[in-house]
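A.B. asks: Got a structure for you, written out below as C-alpha coordinates; questions coming shortly.
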Amino acid sequence: PNSIFALACKIAPPSSGREGHVDLAGVKEAIAKVAGKEDHELAQYSGFKHADPAKFVVTKLALLRATMEHCNMKAFRFQPAVGSCPGLLVHPRFAEFAGVVDGADGADGADDG
(Lines give C-alpha, C1' and ligand atoms only; values in the text may rest on other atoms or scores of the structure.)
Protein backbone atom coordinates (compact mmCIF):
# COMPACT_ATOMS: atom_id res chain seq x y z
CA PRO A 1 0.00 0.00 0.00
CA ASN A 2 0.99 3.60 -0.63
CA SER A 3 -0.07 4.65 2.86
CA ILE A 4 2.02 6.95 5.02
CA PHE A 5 1.48 4.43 7.84
CA ALA A 6 2.58 1.47 5.72
CA LEU A 7 5.72 3.39 4.81
CA ALA A 8 6.50 4.03 8.47
CA CYS A 9 5.98 0.33 9.23
CA LYS A 10 8.54 -0.60 6.55
CA ILE A 11 11.23 1.67 8.01
CA ALA A 12 10.54 2.09 11.74
CA PRO A 13 11.08 -0.64 14.31
CA PRO A 14 7.79 -2.09 15.59
CA SER A 15 6.89 -0.79 19.04
CA SER A 16 6.80 -3.47 21.72
CA GLY A 17 7.80 -5.96 19.03
CA ARG A 18 4.29 -5.97 17.54
CA GLU A 19 4.04 -5.97 13.76
CA GLY A 20 2.17 -2.93 12.43
CA HIS A 21 2.58 -0.99 15.69
CA VAL A 22 4.85 2.07 15.55
CA ASP A 23 5.36 4.64 18.27
CA LEU A 24 6.53 8.24 17.92
CA ALA A 25 10.10 7.30 18.86
CA GLY A 26 10.05 4.76 16.02
CA VAL A 27 8.89 7.41 13.55
CA LYS A 28 11.73 9.67 14.68
CA GLU A 29 14.16 6.77 14.26
CA ALA A 30 12.80 6.11 10.76
CA ILE A 31 13.36 9.75 9.80
CA ALA A 32 16.93 9.61 11.07
CA LYS A 33 17.47 6.43 9.04
CA VAL A 34 16.37 7.96 5.72
CA ALA A 35 17.27 11.65 6.09
CA GLY A 36 20.07 12.73 3.78
CA LYS A 37 19.74 9.67 1.52
CA GLU A 38 19.64 9.97 -2.26
CA ASP A 39 16.52 8.93 -4.18
CA HIS A 40 18.20 5.77 -5.46
CA GLU A 41 18.89 4.76 -1.84
CA LEU A 42 15.23 5.28 -0.94
CA ALA A 43 13.89 3.38 -3.96
CA GLN A 44 13.47 0.23 -1.87
CA TYR A 45 10.54 1.95 -0.11
CA SER A 46 8.81 3.10 -3.29
CA GLY A 47 9.49 0.37 -5.83
CA PHE A 48 5.95 -0.87 -6.38
CA LYS A 49 3.09 -0.11 -8.75
CA HIS A 50 1.49 3.33 -8.20
CA ALA A 51 3.98 4.19 -5.45
CA ASP A 52 4.83 7.76 -4.59
CA PRO A 53 8.32 8.72 -5.82
CA ALA A 54 11.28 8.02 -3.54
CA LYS A 55 11.73 11.75 -3.04
CA PHE A 56 8.56 11.74 -0.88
CA VAL A 57 9.81 9.20 1.69
CA VAL A 58 11.37 11.70 4.09
CA THR A 59 8.57 14.23 3.59
CA LYS A 60 5.86 11.66 4.35
CA LEU A 61 7.61 10.56 7.53
CA ALA A 62 8.07 14.18 8.62
CA LEU A 63 4.36 14.81 8.03
CA LEU A 64 3.50 11.73 10.06
CA ARG A 65 5.73 12.90 12.92
CA ALA A 66 4.18 16.38 12.88
CA THR A 67 0.66 14.95 12.85
CA MET A 68 1.39 12.54 15.70
CA GLU A 69 2.94 15.30 17.79
CA HIS A 70 0.08 17.73 17.07
CA CYS A 71 -2.56 15.13 17.94
CA ASN A 72 -0.59 13.85 20.95
CA MET A 73 -0.51 10.38 19.43
CA LYS A 74 1.99 8.14 21.16
CA ALA A 75 1.68 5.33 18.61
CA PHE A 76 -0.42 3.89 15.80
CA ARG A 77 -1.35 0.46 14.52
CA PHE A 78 -1.48 -0.03 10.77
CA GLN A 79 -3.99 -2.55 9.44
CA PRO A 80 -3.91 -3.19 5.69
CA ALA A 81 -7.32 -3.37 4.04
CA VAL A 82 -8.72 -3.95 0.58
CA GLY A 83 -11.10 -1.37 -0.80
CA SER A 84 -11.45 2.23 -1.76
CA CYS A 85 -11.66 3.69 1.75
CA PRO A 86 -9.20 6.60 1.94
CA GLY A 87 -8.36 5.71 5.54
CA LEU A 88 -9.53 6.25 9.05
CA LEU A 89 -7.75 7.77 12.02
CA VAL A 90 -8.82 5.96 15.16
CA HIS A 91 -7.89 8.04 18.16
CA PRO A 92 -9.29 8.14 21.71
CA ARG A 93 -10.06 11.86 21.23
CA PHE A 94 -11.48 11.43 17.71
CA ALA A 95 -14.66 13.36 18.58
CA GLU A 96 -12.52 16.47 19.11
CA PHE A 97 -11.33 16.21 15.51
CA ALA A 98 -14.79 15.60 14.04
CA GLY A 99 -15.55 19.32 13.95
CA VAL A 100 -12.52 19.90 11.76
CA VAL A 101 -13.76 17.35 9.26
CA ASP A 102 -17.38 18.46 9.39
CA GLY A 103 -16.71 22.19 9.28
CA ALA A 104 -16.65 22.83 13.04
CA ASP A 105 -20.33 23.74 13.05
CA GLY A 106 -21.13 21.62 16.08
CA ALA A 107 -23.82 19.73 14.16
CA ASP A 108 -21.73 16.71 13.26
CA GLY A 109 -23.58 14.27 15.48
CA ALA A 110 -20.45 13.23 17.31
CA ASP A 111 -21.00 11.92 20.80
CA ASP A 112 -19.18 14.31 23.10
CA GLY A 113 -19.62 12.05 26.12
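The values are calculated or read from the model by the stated rules, or taken from the named source; none is laboratory data. Quantities reported herein were computed from a predicted structural model and do not represent experimental measurements. Please note: Cβ atoms are built from the backbone with ideal geometry, for glycine as well, and neighbour counts cover all protein chains shown. To get the accessible areas, we keep the full protein, side chains included, count just its heavy atoms, and leave off ligands, DNA and RNA. Shrake-Rupley method; radii C 1.70, N 1.55, O 1.52, S 1.80 Å.
Here is a yes/no grid of residues against (1) open to solvent by 60 Å² or more (accessible area, probe 1.4 Å); (2) out of contact with any His (no Cβ under 9 Å at 6 or more places or on another chain):
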site	(1), (2)
Ile31	no, yes
Gly47	yes, yes
His50	yes, yes
Leu61	no, yes
Leu64	no, yes
Ala75	no, no
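A.B. asks: A follow-up question, please. Taking the stretch 30-64 only, how many residues are at pLDDT 90 or above and of a type in the set (Ser, Thr, Tyr)?
C.D. replies: Counting residues in the stretch 30-64 that are at pLDDT 90 or above and of a type in the set (Ser, Thr, Tyr) gives 1.
A.B. asks: Report whether or not Phe76 is at pLDDT 85 or above, aromatic (Phe, Trp, Tyr) and outside any helix (DSSP H, G or I).
C.D. replies: Yes; evaluated as a whole, the condition is true for this residue.
Rundown of residues vs (1) farther than 23 Å from Cys71 by Cα; (2) touching a Leu at 6+ places or on another chain (Cβ under 6 Å), yes/no style:
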residue	(1), (2)
Val22	no, no
Val27	no, yes
Glu38	yes, no
Ala43	yes, no
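A.B. asks: For the list (1) loosely packed, with under 11 Cβ neighbours inside 10 Å; (2) at pLDDT 90 or above; (3) among the aliphatic types (A, V, I, L, M), I need the number of the one condition that Ala25 fails.
C.D. replies: (1)
A.B. asks: Answer yes or no as to whether Met68 is part of a loop (DSSP other than H, G, I, E, B), surrounded by 12 or more Cβ atoms within 10 Å (Cβ to Cβ) and at pLDDT 85 or above.
C.D. replies: Judged against the criteria, Met68 is not a match.
A.B. asks: Could you list, in sequence order, the residues of the stretch 5-22 that are at pLDDT below 90, open to solvent by less than 50 Å² (accessible area, probe 1.4 Å) and either part of a helix (DSSP H, G or I) or within 17 Å of Leu63 (Cα to Cα) (or both)?
C.D. replies: Ala6, Ser15
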